[in-house]
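A quick write-up on the structure given underneath.
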């Protein structure tokens with residue numbers, strides 16, 4: 001059998017006790033995928049026929065890369081003793097250990113694994129998941145004998161759609177290589193970073209040139225790939241226009257009478273509904289003592305129906321239930337339950353049937369379509385208003401600090417990887433959509449008003 005050489009990062013990871021879950025979270029080229037294959041092989045050697053390993057990627061295409069790594073490594077160690085069934089994507093080892101290479105993109109894919117047991121769960125390129133909910137569900141499949149530790153190992157590069165939840169959960173908890181308690185899993189984790197500089201098995205100069213040529217106009221992404229820097233905001237759609245110091249306002253206790261007020265709403269049932277009270281400044285000082293230039297929009301309050309543990313799941317409220325909550329909420333603020341929403345709720349649901357907007361109207365909540373525009377126009381207006389906030393002579397977009405769903409989601413939403421000028425739509429974009437409709441609303445404020453930032 002040939003000798004297996006390891007780089008320094010791989011040696012440190014293999015030296016970690018098995019009772020720790022591990023986040024392999026460095027830059028590109030550090031050898032993370034090969035490390036996963038090494039961990040799988042060691043698990044099989046330690047536990048024999050009790051070892052049941054599941055390796056996950058978001059797409060089947062991604063599995064092909066790892067399959068080649070395992071064929072090389074396992075072929076070197078076991079020869080023909082380890083058998084791979086390409087149709088089932090399953091490795092069976094000489095000691096009857098089992099390893100499956102699986103795909104998990106949606107909740108529908110989870111049915112393939114429901115009720116099954118694994119002793120080691122490995123997730124590669126986890127940054128491709130905009131939210132952690134699917135991977136959290138997979139933890140329920142970890143089961144093993146009392147004397148056998150079960151384990152999760154996650155690998156990701158900074159800069160993808162899942163950049164921010166991964167950084168928040170695993171990177172900024174403790175110094176690298178130091179154990180920390182992770183609240184969601186209630187487990188001890190270790191953050192294990194790597195960079196290509198420490199990988200002596202590649203041509204580092206050539207690899208650096210490849211990375212630089214791959215993102216010539218994105219210095220943040222390049223820094224993330226080269227240095228494994230998770231502090232960058234790359235991937236966040238609003239990263240360069242939103243700043244809590246400029247855009248966040250202290251809570252208001254009332255809305256002045258000379259401000260225009262309306263609701264902006266994004267409807268959902270299985271997904272969250274999100275509604276904001278928008279106050280448009282006539283060019284005046286707000287109740288918080290801050291001056292808001294004319295035509296600035298302030299999101300005074302928020303009503304979001306997301307599940308506490310899942311920002312992308314709704315409470316299943318019907319229109320009558322939601323309408324009642326909106327009316328009570330508006331009564332507290334002394335505003336009318338009227339505003340704008342997306343075109344989808346105005347669509348007729350069938351022959352002779354009304355729309356969701358009709359249902360709201362029957363319940364005493366009136367929505368009109370936001371100004372007709374494509375997504376990119378709406379995003380551009382919203383981004384401009386966010387960027388202009390804090391300037392004394394330009395209208396901006398301001399958000400009350402207690403609008404929790406906004407601050408928990410909007411700053412971290414990722415760009416669409418295929419259409420970088422658009423927002424990644426698989427994430428919790430419901431607050432962003434509601435605000436976009438609010439920014440598109442047009443209503444004359446006075447006979448002398450002029451169009452500013454896409455509305456009057």
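Go through the range 145-165 and count every residue that is modelled with pLDDT under 90 and in contact with a helix residue (DSSP H, G or I) (Cβ under 7 Å, 6 or more places away or on another chain).
9
List the pairs whose first member sits in the range 364-377 and is assigned by TED's automatic domain parsing to the domain that holds residue 264 and assigned to a strand (DSSP E or B), whose second member is surrounded by fewer than 16 Cβ atoms within 10 Å (Cβ to Cβ) and at pLDDT 90 or above, and whose Cβ atoms are under 7 Å apart, counting only residues at least 6 apart or on separate chains?
From residues that are assigned by TED's automatic domain parsing to the domain that holds residue 264 and assigned to a strand (DSSP E or B), the pairs are 366/338; 369/346.
Which residues, taken from the range 216-270, are assigned to a loop (DSSP other than H, G, I, E, B) and modelled with pLDDT under 75?
Within the range 216-270, the subset assigned to a loop (DSSP other than H, G, I, E, B) is 216-218, 228-235, 237-243, 250-259, 267-270.
Hits for the range 216-270 are 216, 217, 218, 228, 229, 231, 232, 233, 234, 235.
Would you say residue 342 is assigned by TED's automatic domain parsing to the domain that holds residue 424 and crowded, with 16+ Cβ neighbours inside 10 Å?
Values: assigned by TED's automatic domain parsing to the domain that holds residue 424: yes; crowded, with 16+ Cβ neighbours inside 10 Å: yes.
Yes: the conditions hold for residue 342.
If you check 7, 95, 85, which single one turns out to be over 28 Å from the mean Cα position of the chain (by Cα) and modelled with pLDDT under 90? Spell out how you get there, then give the answer.
On the way: 95 fails: modelled with pLDDT under 90; 85 fails: modelled with pLDDT under 90.
None of the other options fit; the residue is 7.
Name the residue that is farthest from residue 16 (Cα to Cα), counting only residues in the range 173-186 that are free of Cβ contacts under 8 Å to residues at least 60 places away in the same chain and touching a strand residue (DSSP E or B) at 6+ places or on another chain (Cβ under 9 Å).
Residues of the range 173-186 that are free of Cβ contacts under 8 Å to residues at least 60 places away in the same chain, as a first pass: 173-176, 178, 180-181, 183-184, 186.
Imposing the further condition that a residue be touching a strand residue (DSSP E or B) at 6+ places or on another chain (Cβ under 9 Å) reduces the set to 173-176, 178, 180-181.
Working: 173: 18, 174: 16, 175: 15, 176: 12, 178: 10, 180: 14, 181: 16 Å.
Here the answer is 173.
Test residue 22 against the criterion of being assigned to a helix (DSSP H, G or I) and either under 29 Å from the mean Cα position of the chain (by Cα) or at pLDDT 95 or above (or both), and give yes or no.
Working: assigned to a helix (DSSP H, G or I): no; either under 29 Å from the mean Cα position of the chain (by Cα) or at pLDDT 95 or above (or both): yes.
No.
As an exercise: evaluate residue 322 against (1) surrounded by fewer than 18 Cβ atoms within 10 Å (Cβ to Cβ); (2) within 15 Å of residue 267 (Cβ to Cβ) and give the number of the one condition it does not meet.
(1)
The values are calculated or read from the model by the stated rules, or taken from the named source; none is laboratory data. A quick note: this is a predicted structure, and the numbers were derived from the prediction, not measured. All Cβ positions, glycine included, derive from the backbone under ideal geometry; neighbour counts span all protein chains shown.
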